[in-house]
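Structure first, commentary second.
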Amino acid sequence: MKLESLSPNIMVANVNETLDYYTNVLGFKLIDTNPESGKFEWGYVMLDNVGMMFQEETSLKNEYPELKDLNIGGALTFYIRIGKINELYEKLDGKVNIIKPMNRTFYGTNEFAIMDLNGYILTFSETPEE
């Protein structure tokens, strides 16, 4: 067995607004949607090697009835390793909800975290060259 990739499928209230945020604010590239146009039930974006899928709440709960009693959001963070973290921080500063400013962690990385329009937390991290 060999794991090839991980792309979370995230429950959201409005896929169109979420895709707009991830493409126009964070710089992800739109890869696919369902349907192809109009009000999307599902969409997939990527930036370099990081892919994220977003699915409308009712659609996802119909597909997975086990989720019927759960709300949008969750007790999790998305931890994304990147290069040139300072460039991204400067690009996003003032445009997104930065909930943890740039800092050096106890384990030696430079990190900051944002909360997206759905309440999900994305932590961006870079290990500086010594």
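Of note:
- T127 meets each of the listed conditions (1) more than 16 Å from D20 (Cβ to Cβ); (2) touching a residue at least 12 places away in the same chain (Cβ under 8 Å); (3) in the same structural domain as D20 (by TED's automatic domain parsing) apart from (3).
- Which listed residue is modelled with pLDDT of 95 or more and of a type in the set (V, I, T), from I114, I72: I114
- The residue that is nearest to the chain's Cα centre (by Cα), among those in region 1-29 that are in a helix (DSSP H, G or I) and not hydrophobic (A, V, I, L, M, F, W, C), is Y22.
- Scanning region 111-127 for residues that are in a strand (DSSP E or B), surrounded by fewer than 17 Cβ atoms within 10 Å (Cβ to Cβ) and not hydroxyl-bearing (S, T, Y) returns a single hit, M115.
- Among the residues making up region 79-89, a single one is without any contact (Cβ under 8 Å) to a residue 40 or more places away in the chain and surrounded by fewer than 11 Cβ atoms within 10 Å (Cβ to Cβ): E87.
- M46, sole failed condition from (1) outside the structural domain of E111 (by TED's automatic domain parsing); (2) closer than 15 Å to Y120 by Cα: (2)
- Members of region 62-75 that are free of Cβ contacts under 8 Å to residues at least 40 places away in the same chain and under 23 Å from M115 (Cβ atoms): N71, A75
- Residue-level check: of (1) at pLDDT below 95; (2) over 30 Å from P128 (Cα atoms), E41 misses just (1).
The values are calculated or read from the model by the stated rules, or taken from the named source; none is laboratory data. Predicted model only: the values in this text are computed from it and were never measured. Note that we place each Cβ from the backbone using ideal geometry, even for glycine, and neighbour counts take in every protein chain shown.
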